[in-house]
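Peer 1: Supplied in structure tokens, the structure appears directly below.
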Amino acid sequence: MLTFEQKQAIIESFPELTRKEVSMKRVNYHFEESLFDKTVVVQHLHPNGNGFVYVAGIPGYEVDDRGLVNIREATEAELRQTIKDSIELLSEEEFEAPTIEQLWMNAEGATLKLVEEDGAWNIYHGLNLEESFGNYGYAQGYLRDEQFKLVEEA
């Protein structure tokens, strides 16, 4: 796990972010050029290493009801990518999340396609819908339980 100081150094390497002290030794980082009312990219970075990044609506992140993902266990590469994604989200006129498609295969060579569509994660066998899940984690768990492995992402 990265230390508080390491996370601060990574976050502060983004010159477009402005540091603002908050209560209980926590720090927020704002993107003042946000095209939205929302300007906080990093929220409540705490000396214990906990903190959150705003990535609401970006596929691949498991967010809370505020659109925040926890960065406590993030690697340097993950933290950099998450912050970059957040800044891009707040920079775009109209954010339209790209559709995620993944091909999964089992040991016998059977393939299933996992597709994110309108907030649902659908698993297709050919053109037939096999299963649908409310989040990526459940869909991924189902595929792994059925002995499928990720082959490629489109």
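Peer 1: Out of (1) 22.8; (2) 10.4; (3) 12.2, which label holds the value of mean projected area of the Cα convex hull in nm² that was computed here?
Peer 2: It is the value labelled (2).
Peer 1: Expressed as a whole percentage, what fraction of the accessible surface of the range 1-143 belongs to carbon and sulfur atoms when a 1.4 Å probe is rolled over the protein heavy atoms?
Peer 2: Reported share for carbon and sulfur atoms: 50 percent.
Peer 1: What GluC sites (Glu not before Pro) does the range 6-45 have in DSSP loop regions with at most 16 other beta carbons within 10 Å? Please report the intermediate quantities before stating the final value.
Peer 2: Working: sites: 12, 16, 21, 32, 33; in loops: 16, 32, 33.
Those satisfying the criteria are 16, 32, 33.
Peer 1: For the range 1-64, what's the radius of gyration and Dmax over Cα atoms, in angstrom?
Peer 2: Answer for the range 1-64, Rg first and Dmax second: 11.9, 32 Å.
Peer 1: Using the Karplus curve 6.51 cos²θ - 1.76 cosθ + 1.60 with θ = phi - 60°, what ³J(HN,Hα) values do you get for each residue of the range 30-40, in whole Hz, with x for Gly and Pro?
Peer 2: 9, 10, 5, 8, 3, 7, 10, 4, 6, 10, 6
Peer 1: Of all trypsin sites (Lys or Arg not before Pro) in the range 24-59, which ones are in loop regions per DSSP and have a Cβ with at most 12 other Cβ atoms within 10 Å?
Peer 2: Hits after loop and neighbour filter: 25.
The values are calculated or read from the model by the stated rules, or taken from the named source; none is laboratory data. Computed from a predicted structure; not experimentally measured. Glycine gets a Cβ as well: all are built from the backbone with ideal geometry, and neighbour counts include every protein chain shown. For accessibility, only protein heavy atoms count, side chains too; no ligands or nucleic acids. Shrake-Rupley method; radii C 1.70, N 1.55, O 1.52, S 1.80 Å.
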